[in-house]
Amino acid sequence: MDKILIVDPVTASSDLIRQCLANRDYEIYTAESGLNALAKVSLFLPDLVMLNAELPDISAYDVCKRIKENSKTEYTLILFMSSLDTRDSRVRAVQVGADDYMEKNFDAYLLMSKVNSLLRVKHLSDQLKKKFEELEEKNHILDLQLKMGKQVQQALMPDIDLTFKNIRFISNYLPAMDIGGDFYDVIPLSDTRIAVAMGDISGHGISAALLTAMLLLMIRTFAPHYQRPDKFMFYLNQALNKIFENGVRELYVCLFFAVIDTVEKKIIYSNAGQALPVLARGEDQAFFLDSAGLPIGMMPDAAYEVHSLDFDEGDMVVFITDGIQDIFYKDNPEEFAQKFKEVALDAKGLDDPKEIIEMILNAFYNYNAQDSEKFEMDDVSLILCKM
């Protein structure tokens, strides 16, 4: 039931307004002064205040302003009624927050028309407020879920900084959102062999975080059992397709998987649609670890190539996700490839791996920019492997 407060110091006038509102389903209150009106507005929280401009104690304009300035009553609608119908009085009423204005001539049709119109506005306003509050609550829940997802993702994918048989591994991860779709890992397989996984899941947000968590656990389980990268890819692809065979098919995973054998001094690798790592050697050699293959999850029985190459002491491999290309070279892959090789060669001469990573990111990612500029594009992940 709509609540209406009639503020009028003249009882007869107030009664006349009540008669105009008769036979309507309204809950009506009255007040004969400004202070009494303010008290009843706070107590009853009416939907509409019909405010007479002439009050015995305080200015009706002040009453209107104070109602609108109170956070509990700011959405209360006010119909300002005055015996004057001048431009100045109308402008002043609007300035203090009145929602409508009418001359106090008690034209029943006009009065009801304005009351009905204002109450429709109030109903719409209340609906919008309710929807907004529901949305705020959902956003709050979503924010909590995102923060929890971020904690889980960070726990499963911490920063990497380790040395294995004189090979230094160091990582850097910059998500486009609090949680992203990139993932990586460095997994010791034996006393002489270590694996590097660098991947990117389609999408971002909670679904990507859940899938990255599951994939990291699967990779850590599969890697020691399938140390040939093509076999590892094959069985990981079969397992993922099995999980989603009756569910979402839009999800897929790009992954580069390499095994580094420190005795044979070889890098054995396979690729499933992931951005290619670059190897920098000496002062003037830089080339990609070229390999092709369908992303994981797209076809149940997909087969994968396996390649190998020798490495020397002093070589450097940079594993990346495609987010680093998307910043400036999304539509120019050839130009990116050339630039990436040049930057890798230039950075290779630095002694500190962290400085190498910073130099690479500065070349492609506005690494020193403000957060609002940095996180507009895709996730960016990088693993530096310095032999």
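The values are calculated or read from the model by the stated rules, or taken from the named source; none is laboratory data. All figures in this text were calculated on a predicted structure; none of them were measured in a lab. So basically every Cβ, Gly included, is an ideal-geometry build from the backbone, and we count neighbours across all protein chains shown.
Of note:
- Of residues in segment 283-312 being within 16 Å of Phe340 (Cα to Cα) and surrounded by fewer than 20 Cβ atoms within 10 Å (Cβ to Cβ), the one modelled with the lowest pLDDT: Glu283
- For Ile17, the conditions (1) in a strand (DSSP E or B); (2) modelled with pLDDT under 90 all hold with the exception of (1).
Conditions (1) surrounded by 22 or more Cβ atoms within 10 Å (Cβ to Cβ); (2) among the acidic types (Asp, Glu); (3) within 23 Å of Ile187 (Cβ to Cβ), marked per residue:
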{"residue": "Met233", "(1), (2), (3)": "yes, no, yes"}
{"residue": "Val318", "(1), (2), (3)": "yes, no, yes"}
{"residue": "Lys330", "(1), (2), (3)": "no, no, no"}
{"residue": "Phe340", "(1), (2), (3)": "yes, no, no"}
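- Within the option set Ala275, Ala337, Ala286, Ala302, being more than 18 Å from Arg228 (Cβ to Cβ), touching a residue at least 24 places away in the same chain (Cβ under 8 Å), aliphatic (A, V, I, L, M) and in a loop (DSSP other than H, G, I, E, B) holds for one residue only, Ala275.
- Taking every residue in segment 234-262 that is on the phi < 0 side of the Ramachandran plot and aliphatic (A, V, I, L, M) and pairing it with any residue that is surrounded by fewer than 22 Cβ atoms within 10 Å (Cβ to Cβ) and modelled with pLDDT under 80, at least 6 positions away or on another chain, the pairs with Cβ-Cβ distances below 6 Å are Leu251/Ser202.
Residues are listed down the side, and each one gets a yes or a no for (1) closer than 30 Å to Leu210 by Cα; (2) among the aliphatic types (A, V, I, L, M); (3) surrounded by 13 or more Cβ atoms within 10 Å (Cβ to Cβ); (4) not assigned by TED's automatic domain parsing to the domain that holds Gln19:
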| position | (1), (2), (3), (4) |
| --- | --- |
| Asn36 | no, no, yes, no |
| Pro46 | no, no, yes, no |
| Ser71 | no, no, no, no |
| Leu79 | no, yes, yes, no |
| Ala98 | no, yes, yes, no |
| Lys104 | no, no, yes, no |
| Val121 | no, yes, yes, no |
